[in-house]
Amino acid sequence: MSQPSRCLKSLNSFALNANAQEIVTLSNLVQLEQFAQQLPKQFYILGGGSNSLFINDYQGTVVCPDFKGINVANTEDAYLLEVASGENWHDLVHYCLANNMPGLENLALIPGNCGAAPIQNIGAYGIEFANVCDYVKWFDFATGKVEILSKGECDFDYRNSIFKGSLKNKGIVIAVGIKLNKQWQPLLNYAGLNELGSSPTPKQVFEQVVAIRQAKLPDPKHLPNAGSFFKNPVISQELFENIKLQYPKLISYPLTNGDVKLAAGWLIQECDLKGKTIGGAAVHKLQALVLVNIDNASGSDVVALAKFVQRTVFKKFGVNLEPEVRIIASSGEILLENI
Ligand code: EPU
C-alpha cells in the first residue's frame, strides 16, 4: 500500500513541487484497518488533490483513498447511488447522465474525487453536494468501524462540513450515498443557464455547464490551479450598504439571515488584479477568483500572491477574503494569516 514515490507534484492540481515523507494508497478495508491500527503521528488525507496547496515538503504521511465502485438501487421515486470515495466526480456526473439518472449535471467538471464532495460540500451553478446527499459512509480510526452519517449529521454549510470540523483527521470517507429524484427538475437560476429556456433536457444543462466552466475556469491539466482560491465572503447588511454606496456595481447575493454574500472574483477584479503575477503564480485573467501556476510557481509565490490579493481587497473594500483551498505546510494544515 505504500508507494515508492514521495513526490506530490502530480497529486495536486496546482502542480506545486513538494514531497511527503511517505505516500500511502488505501484501496480496501483491510488496508484501512491496518492503517488505523498504526496511525502515523502526522498525516494528511488527500482526495483528487484539487483543493490542497502543498507549500513546503510535508513532514508526514499523505494518504490517498482509492476505493472504487458504484452501486445503484431504485425506489419508486428515486435512484439511490452508493459511490466509493476514489471515484472521479466528473466521471460520476457523466455516468449518471449516460444512465438516465439526471440531477448532478450542474456539478459537471468539478475536479476531484467523490470522497472530497462532502468534505468541501462542493457546489456550482445553484447546487451543492448537500442537495443530493443521502448519507456518508465513514471509517472511524478510533473504533475501526464503518459508520453511516445521515445528511443532517454532516453539518453541511457553504464549502464546509463536519469533516472539516470535529471529524477532521478522525477517519476517512469511504463512500457517499446520493439520492436523485426521478421527478427531475432543471435548476436554471444561475445566469447563463436561464438562457436554455424553461424545459431543457439534462444533457443540454450538462453541456451548458461544461461550456460555461470551460469559458471561465482554466483546466488544471493545461494551467495548474485549485479552482476558486478564496470563498465568497459573507458580510453584514450594514457593511454591504456602505460598500454599495461607493461601488454601485457591487455583485451580491442576499442570504436568508440578512447577511450578504459578495462575489470575491468581482472584488479582486475591481482591484485591477487580473493577470497580476508574483514569481510563477498569477491571478487568472478570465476569473479573478482563481490563482494559477503559470511558470513553476513555488509555494512561497502562491502564498505571497494570495496575501497580496487579500491585503489589496481589504484596503479597498474592508472585506476579508478567506481561502477556500487548504494550505498544507511542513507540519500540517495552516491558515494563510499564520504564514
Ligand atoms: N466576476 C467578475 N470577475 C471575475 C470573476 C467573477 O466580475 O473575475 C463576477 C461574475 O461575472 C459573476 C460573479 O462575479 O457575476 C460570480 O462569478 P462566477 O459565477 O464565476 O462564480 P464565483 O462566485 O466566482 C462560485 C464558486 C465556484 C462555482 C461558481 C459557479 C466559490 C468560492 N466558488 O464562483 O466554485 O463554480 O460559483 O457556481 O463559491 C470552486 O469552489 O472551486 C469553484 C470553482
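Report the charge-dipole magnitude of segment 230-339 in Debye, nearest 20, computed about the Cα centre from +1 at each Lys and Arg Cβ and -1 at each Asp and Glu Cβ.
In total the dipole reaches around 280 debye.
Considering amide H positions built from the backbone, and no H for Pro or chain starts, which residues 5 or more places from Trp184, or on another chain, come under 5 Å of its amide H?
none
Under a straight-distance cross-link criterion of Cα-Cα below 30 Å, which lysines are reachable from Lys182, leaving out those fewer than 8 residues away in the same chain?
Of all the lysines, those that pass the test against Lys182 - Cα under 30 Å, at least 8 places apart if same chain - are Lys68, Lys137, Lys151, Lys203.
Show me the GluC sites (Glu not before Pro) within segment 1-104 that DSSP assigns to loop and that have at most 16 other Cβ atoms within 10 Å of their Cβ.
Filter output for segment 1-104: Glu76.
Only four residue types carry charge here, +1 at the Cβ of Lys and Arg and -1 at the Cβ of Asp and Glu. Report the dipole size of the chain about the Cα centre in Debye, rounded to the nearest 20.
720 debye
Kindly write out, for segment 109-120 in residue order, the coupling ³J(HN,Hα) from the Karplus curve 6.51 cos²θ - 1.76 cosθ + 1.60 (θ = phi - 60°), rounded to whole Hz, with x marking Gly and Pro.
Each residue's phi maps through the Karplus curve to give 6, 5, x, x, 9, 5, x, 7, 4, x, 5, 7 Hz.
Whole-Å semi-axes of segment 270-312's equivalent ellipsoid, largest first, each the root of 5 times a Cα gyration tensor eigenvalue?
Equivalent ellipsoid semi-axes, largest first: 15, 12, 7 Å.
Charges on Cβ only, +1 for Lys and Arg, -1 for Asp and Glu, centred on the Cα centroid of the chain; of Val290, Ser150, Gln34, which one is farthest towards the dipole's positive end?
Val290
Across the Cα atoms of the chain, what radius of gyration and what greatest pairwise Cα-Cα distance (Dmax) are found, in Å?
Cα radius of gyration and Dmax of the chain are 20.2, 60 Å respectively.
Taking only C-alpha pairs under 8 Å that are 6+ residues apart, what is the relative contact order of segment 71-218 in percent?
Once divided by the residue count of segment 71-218, the mean separation gives 29 percent.
5 Å is the cut-off here: which amide hydrogens, built 1.01 Å from N in the peptide plane, fall below it relative to Lys170, excluding neighbours closer than 5 in sequence?
none
Could you work out how far the C-alpha centroid of segment 67-128 sits from that of segment 251-304, in angstrom?
Using only Cα atoms, the two centres lie 28 Å from each other.
If exposed trypsin sites (Lys or Arg not before Pro) are those in a DSSP loop with at most 16 other Cβ within 10 Å, what is the longest stretch of the chain that has none?
Answer from the scan: 69-167.
Go through segment 38-55 residue by residue and turn each phi into a ³J(HN,Hα) via Karplus (6.51, -1.76, 1.60, θ = phi - 60°); whole Hz please, and just put x for glycine and proline.
Rounded to whole hertz, the list is 10, 4, x, 4, 10, 8, 9, 8, 10, x, x, x, 9, 9, 10, 10, 8, 8.
Please compute the contact order of the chain in relative form: average sequence separation of alpha-carbon pairs under 8 Å and at least six residues apart, divided by the residue count, as a percent.
Once normalised by length, the contact order is 18 percent.
Of the cross-linked pairs Lys9/Lys41; Lys216/Lys316; Lys9/Lys307; Lys179/Lys274, which ones have a Cα-Cα span greater than 32 Å in the structure shown?
Where the Cα-Cα span goes over 32 Å, the pairs concerned are Lys179/Lys274.
Provide the per-residue ³J(HN,Hα) series for segment 125-133, in order, calculated from phi with Karplus coefficients 6.51, -1.76, 1.60 and θ = phi - 60°, each as a whole number of Hz, with x at glycine and proline positions.
Result, ordered by residue: 6, x, 10, 10, 3, 3, 5, 10, 6 Hz.
Read-outs throughout are calculated quantities, based only on the coordinates presented, and are distinct from any laboratory measurement. Nothing here was measured: the structure is a model prediction, and the numbers come from that model. Counting neighbours? That spans all protein chains shown, and the Cβs are built from the backbone with ideal geometry, glycine included.
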